[in-house]
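Input: a single structure, listed below in structure tokens.
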Amino acid sequence: MPTLAFKRITSLWIIVVLVLFLSAISMGILMRFAQGSVSPMDPAKFYVLMTTHGVTMIGAWAAASILACNYLMARYVKVSTGLNLFALIGTGVGVALLWTSTFSGNFHAGWTFLYPLPFKAGGGWQAAAANQFLWGLMLLSIVWLIWCLGMVWQILQKYSLPQAFAWQHLSKKEPAVETPPLILITMVSLVGMIVCFITAIILLAMFFSESGWGLSGKPVLEAKLDPLLMKNLTFFFGHTVANEALYLGLAVVYELLPELGGRPKLHTSWYVSLGWNCAVLFILTAFFHHLYMDFVQPQGFQIVGQVASYLASVPSVVVTLISLAAVLYGRGFRWSLPSLMFLVGAAGWIIGGIGALIDATISNNIILHNTLWVPAHFHTYNLMGNVLFALGFFCWVADDFRGTVDPRKHGLKLVLMIIGGFGFVLMFYLGGAYSVPRRFAFYPAELTHAQLFATMGAWFALVYSLGLLLVVLNVLKKCFLVFLPQRS
Amino acid sequence: MSPHTFILTLFLILAAIGAAFFIHLYRVSCSTEGPGLKKVGAKRLFTLVLLLAVFLILLSVTLPKSPYYRFTDVVPEKTVHVTAMQYTYMMSYDAFKPDMSDYKPPEGGVITLPAGKPVEFRVTSADVNHGFAIYNDKFELVTQTQAMPHYVNRLRWQFDKPGTYTLLCLEFCSSGHPAMRGMFTVK
Ligand code: HEM
Ligand SMILES: [Cu+2]
């Protein structure tokens, strides 16, 4: 059971994540209105917002997913308040560096910062701003690497390494030690995260080998590193971190959904174990689909990219979707806001996955690569998937802090989020299908439909935010209450 | 149906099926009486086989259409050398050095390509990563490749419709990115 201190650090984290989320959403809405020419923006300013929005969102929800798993892990293993406090402080410093580099240093190379763009600003920003941004990421990678390693260590205090991966379930029907799905999924996802933070650290070190290790950096006159290698590393990191975050979110759903609806716990079986072990392997090679349009990339990797992207969806559907169906089917399930968020989140995850698979098909990628189809599908499984998994957890945990349960559905708030969220991403899909490029601060006059989609997208996002705000204010209030002296 | 409309329609249909599945789940979960999910194991196996079969078919249909395997056994009628840079494209029929010292602009200032014949673009970049995306006169994306420094991507294509084609950059290259443009004509 979580101690009071652990509850407090968890609610502090939730407050930070929600504040970051709300501010990054406002940046998103400003960007979409700018693209719709409702409130045009200087491109440099637009890209400052875009860079900050991307890195903040990915970071906030990856952290939220890690945090949620750690809180629930406390049911099975010993967790540490100190570790999460360390992660929070480290993250705070990292975010401060990132935001200073963008808002005050004007750094705007995009959150995927493809080499050598950070060093070729064309006067847009100084070497110091680039190094500050890269250091912000470096710090986050190091701190989160330690965070994830710490959690793996917590798991390994109770389970042996093979048990943590639930391998004993592969051969035995009812092994002596059962690995709960939460532990299994958290473990495999953390391993993925660890691999990806190590990659990030190597990648960033390669940047620093040219721009110097100081915070002030130095101008890079000749960029000598291999841009193809750097691009592979960048997407290995960026793609993987986003996907593992989603998997951690699913771990929460496995743990909480049955319980919230009054159903028996989900158990690990051989296919759950096999499915999750495979999923992580596939996801580590699927990132190659980001380089389909680099024809110099070895062709074998391109094929691996498409095959792995397809295969990664098989365990998800065959194991997770069917297990969820078995939980829900015909049983007088008790719905409340968190469980409804999990359900809608699973839908967003699957629908975003369909969009991703279409784009991961090389022959489609020719006309979809770097169009709005890309933000379309990842916003679907982030905004309508990962965010809802974590937010569902937030709503549940804010009550769990005081041992209460809110049985209400809060249907209206959720409906606002559903209409707003899916409407917002639909406008991205329409733009993407009809060739509107992503990351355009304004659209060429010939792309007549682009502006209309952008403006409508912004309005939908406002509807989403309204529903969200109503939910979040309630959660925030309960999180603050944990800091008052507690009666016991 | 244009490939663009096809992709959108396919997605909307699949997404609707996905949504219908979840709505169905919600409805059956609310009914107070009723059986649980029966024969879960069989359903799981069926889904697995179905998915694998669909993916196998999709892979065998779509992989051969990948750009790497198209127009490989033809001799391009014309070759265009392209160097992308913040925020423009330099194009010539003759190869030129990255520093442009021997750059020869095309006659009349505009690259002109033959309709109905395979052509090749050799695309590189002088500074950062850029995109090289070809839009037709209706501003539909026709095909594309990346422009990466130190590397040359060879994009082969055959333009069946004469007209003016516009180039847009599809890899973010800093603040001039949305204004980066090029063009050529097909006759
Ligand atoms: C209502 C909420 C949101 C709005 C209004 C919004 C809006 C936007 C817009 C307008 C863009 C630029 C699209 C373009 O390329 O033209 C963007 C990019 C992006 N968004 Fe969001 N977004 C939202 C939520 C999220 C969430 C929840 C995440 C992740 C968890 C996220 C992650 C990103 C990332 C990674 C990018 C790419 C940045 C880049 O290209 O460097 N967004 N968003
Ligand atoms: Cu460009």
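What residue, among those in segment A:415-424 that are within 14 Å of chain B (Cβ to nearest Cβ) and more than 9 Å from ligand 1 (Cβ to nearest atom), is surrounded by the most Cβ atoms within 10 Å (Cβ to Cβ)?
Pass one, segment A:415-424, residues within 14 Å of chain B (Cβ to nearest Cβ): A:415, A:418-419, A:421-423.
With the extra rule that they be more than 9 Å from ligand 1 (Cβ to nearest atom), the set shrinks to A:415, A:418-419, A:422-423.
On the way: A:415: 13, A:418: 20, A:419: 14, A:422: 22, A:423: 16.
For segment A:415-424, the residue satisfying everything is A:422.
Answer with yes or no whether residue B:127 is more than 22 Å from residue A:433 (Cβ to Cβ), in a loop (DSSP other than H, G, I, E, B) and either within 11 Å of ligand 2 (Cβ to nearest atom) or at pLDDT 95 or above (or both).
On the way: more than 22 Å from residue A:433 (Cβ to Cβ): yes; in a loop (DSSP other than H, G, I, E, B): yes; either within 11 Å of ligand 2 (Cβ to nearest atom) or at pLDDT 95 or above (or both): yes.
It is true that residue B:127 is more than 22 Å from residue A:433 (Cβ to Cβ), in a loop (DSSP other than H, G, I, E, B) and either within 11 Å of ligand 2 (Cβ to nearest atom) or at pLDDT 95 or above (or both).
So that you can scan it fast, the table gives a plain yes or no per residue for (1) within 21 Å of residue A:314 (Cβ to Cβ); (2) charged (D, E, K, R); (3) assigned to a helix (DSSP H, G or I); (4) within 7 Å of another protein chain (Cβ to nearest Cβ):
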position	(1), (2), (3), (4)
B:6	no, no, yes, no
B:16	no, no, yes, no
B:29	no, no, yes, yes
B:46	yes, no, yes, no
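Could you identify the single residue in A:299, A:306 that is free of Cβ contacts under 8 Å to residues at least 60 places away in the same chain and more than 23 Å from the chain's Cα centre (by Cα)? Explain how you work it out, then say what you get.
Details: A:306 fails: more than 23 Å from the chain's Cα centre (by Cα).
The conditions single out A:299.
Pick from segment B:68-106 the residues that are of a type in the set (Gly, Ala, Ser) and assigned to a strand (DSSP E or B): which of them is farthest from the other protein chains (Cβ to nearest Cβ)? Show your work before the answer.
The first filter runs over segment B:68-106 and keeps only residues of a type in the set (Gly, Ala, Ser), leaving B:84, B:92, B:95, B:101.
Applying the additional criterion that residues be assigned to a strand (DSSP E or B) yields B:84, B:92.
Details: B:84: 13, B:92: 20 Å.
Step by step, filter segment B:68-106, then rank; the result is B:92.
Filtering segment A:381-414 down to residues that are within 16 Å of ligand 1 (Cβ to nearest atom) and within 14 Å of chain B (Cβ to nearest Cβ), which residue is farthest from the chain's Cα centre (by Cα)? Walk me through how you get there before you give the answer.
Taking segment A:381-414 and keeping what is within 16 Å of ligand 1 (Cβ to nearest atom), we get A:381-394, A:413-414.
From the residues that got through so far, the ones that are within 14 Å of chain B (Cβ to nearest Cβ) too are A:381, A:384-385, A:388, A:414.
Working: A:381: 9, A:384: 11, A:385: 9, A:388: 11, A:414: 21 Å.
The extreme case among them is A:414.
When segment A:320-342 is examined, which residues are found to be surrounded by 23 or more Cβ atoms within 10 Å (Cβ to Cβ) and either out of contact with any Phe, Trp or Tyr (no Cβ under 9 Å at 6 or more places or on another chain) or within 8 Å of another protein chain (Cβ to nearest Cβ) (or both)?
A:328, A:333
Based on this model, can you work out whether residue B:160 counts as closer than 30 Å to residue A:107 by Cα, of a type outside the set (A, V, I, L, M, F, W, C) and away from ligand 2 (no atom under 16 Å from the Cβ)?
No; evaluated as a whole, the condition is false for this residue.
For segment A:21-65, what are the residues that are more than 8 Å from ligand 1 (Cβ to nearest atom), within 14 Å of chain B (Cβ to nearest Cβ) and in contact with a His (Cβ under 9 Å, 6 or more places away or on another chain)?
Of everything in segment A:21-65, those that are more than 8 Å from ligand 1 (Cβ to nearest atom), within 14 Å of chain B (Cβ to nearest Cβ) and in contact with a His (Cβ under 9 Å, 6 or more places away or on another chain) turn out to be A:43, A:44, A:45, A:46, A:47, A:48, A:49.
Condition first: away from every other protein chain (no Cβ under 14 Å), in a helix (DSSP H, G or I) and of a type in the set (Val, Ile, Thr). Now tell me which residues in segment A:73-120 satisfy that.
A:81, A:89, A:91, A:93, A:95, A:100
Under 8 Å by Cβ, and 6 or more places apart or on different chains, what pairs join a residue from segment B:122-138 that is closer than 12 Å to residue A:294 by Cα with one that is within 16 Å of ligand 1 (Cβ to nearest atom) and among the basic types (Lys, Arg)?
B:129/A:231
Could you list, in sequence order, the residues of segment A:24-36 that are of a type outside the set (D, E, K, R) and surrounded by 15 or more Cβ atoms within 10 Å (Cβ to Cβ)? Let's see the steps before the verdict.
Of segment A:24-36, the ones of a type outside the set (D, E, K, R) are A:24-31, A:33-36.
Scanning segment A:24-36 gives A:24, A:25, A:27, A:28, A:29, A:30, A:31, A:33, A:34, A:35, A:36.
State all residues of segment A:245-299 that are closer than 30 Å to residue A:334 by Cβ and acidic (Asp, Glu); if no residue qualifies, say none.
A:255, A:259
Go over the candidates B:61, B:28 one by one and state the one that is over 30 Å from the mean Cα position of the chain (by Cα) and of a type in the set (A, V, I, L, M).
B:28
Need a quick list: helices (runs of 4 or more DSSP H) entirely within segment A:121-218 having at least 2 residues that are crowded, with 23+ Cβ neighbours inside 10 Å and in contact (Cβ under 8 Å) with a residue 40 or more places away in the chain.
Numbers: elements: A:127-158, A:161-164, A:168-171, A:181-211.
Ranges flagged: A:127-158, A:181-211.
Scan segment A:218-243 residue by residue and report those that are within 28 Å of the chain's Cα centre (by Cα) and aliphatic (A, V, I, L, M).
Listed by number, the residues that qualify are A:228, A:229, A:230, A:233, A:241, A:242.
Among what's in segment A:428-445 and is in contact with a His (Cβ under 7 Å, 6 or more places away or on another chain) and outside any loop (DSSP other than H, G, I, E, B), pick the residue that is nearest to the other protein chains (Cβ to nearest Cβ).
The extreme case among them is A:433.
Which one is nearest to the other protein chains (Cβ to nearest Cβ), of the residues in segment B:164-178 that are at pLDDT 95 or above and surrounded by fewer than 21 Cβ atoms within 10 Å (Cβ to Cβ)?
The extreme case among them is B:166.
Exactly one condition in (1) within 14 Å of chain B (Cβ to nearest Cβ); (2) in contact with a Cys (Cβ under 9 Å, 6 or more places away or on another chain) is false for residue A:129; which is it?
Only one criterion in (1) within 14 Å of chain B (Cβ to nearest Cβ); (2) in contact with a Cys (Cβ under 9 Å, 6 or more places away or on another chain) is unmet by residue A:129, namely (2).
Just to check your reading of the model, which residue among A:394, A:401 is aromatic (Phe, Trp, Tyr) and surrounded by fewer than 24 Cβ atoms within 10 Å (Cβ to Cβ)?
On the way: A:394 fails: surrounded by fewer than 24 Cβ atoms within 10 Å (Cβ to Cβ).
Of the residues listed, the single one that is aromatic (Phe, Trp, Tyr) and surrounded by fewer than 24 Cβ atoms within 10 Å (Cβ to Cβ) is A:401.
Please verify whether segment B:50-70 includes one or more residues that are more than 16 Å from ligand 2 (Cβ to nearest atom), surrounded by 14 or more Cβ atoms within 10 Å (Cβ to Cβ) and touching a residue at least 12 places away in the same chain (Cβ under 8 Å).
yes
Please tell me if residue B:103 is of a type in the set (Ser, Thr, Tyr), within 16 Å of ligand 2 (Cβ to nearest atom) and under 26 Å from residue B:171 (Cα atoms). First the steps, then the outcome.
Working: of a type in the set (Ser, Thr, Tyr): yes; within 16 Å of ligand 2 (Cβ to nearest atom): no; under 26 Å from residue B:171 (Cα atoms): yes.
No.
For segment B:130-151, which positions are at the interface with chain A (Cβ under 7 Å from one of its Cβ atoms) and surrounded by fewer than 22 Cβ atoms within 10 Å (Cβ to Cβ)?
Result: B:139, B:140, B:143, B:150, B:151.
Tell me, please, whether a residue that is at the interface with chain A (Cβ under 9 Å from one of its Cβ atoms), within 30 Å of residue A:366 (Cβ to Cβ) and of a type in the set (Lys, Arg) can be found in segment B:50-66.
Yes: one or more hits.
Given the condition within 16 Å of ligand 2 (Cβ to nearest atom) and modelled with pLDDT under 95, answer yes or no: does some residue in segment A:444-461 qualify? Can you show your working first?
Residues of segment A:444-461 that are within 16 Å of ligand 2 (Cβ to nearest atom), as a first pass: A:444.
After this cut, where a residue has to be modelled with pLDDT under 95 as well, the list is A:444.
Yes - at least one qualifying residue is present in segment A:444-461.
Please find, within segment A:438-484, the residue that is surrounded by the most Cβ atoms within 10 Å (Cβ to Cβ) out of those that are of a type in the set (Lys, Arg) and within 16 Å of ligand 1 (Cβ to nearest atom). Spell out how you get there, then give the answer.
As a first pass, look at segment A:438-484 and keep what is of a type in the set (Lys, Arg): A:438-439, A:477-478.
Filter again for within 16 Å of ligand 1 (Cβ to nearest atom), leaving A:438-439.
On the way: A:438: 19, A:439: 23.
Ranking the qualifying residues of segment A:438-484, first place goes to A:439.
Residues that are of a type outside the set (Lys, Arg) and modelled with pLDDT of 95 or more, at least 3 per element: which helices (runs of 4 or more DSSP H) completely within segment A:281-362 meet that? I'd like the intermediate steps shown before the answer.
Working: elements: A:299-315, A:322-328, A:337-359.
It comes to A:337-359.
Got at least one residue in segment B:111-123 being within 16 Å of ligand 2 (Cβ to nearest atom), touching an Asp or Glu at 6+ places or on another chain (Cβ under 9 Å) and in the same structural domain as residue B:152 (by TED's automatic domain parsing)?
no
The values are calculated or read from the model by the stated rules, or taken from the named source; none is laboratory data. Not measured: the values here are computed from a predicted model. In this analysis, Cβ positions are derived from the backbone assuming ideal geometry, glycine residues included, and neighbour counts consider all displayed protein chains.
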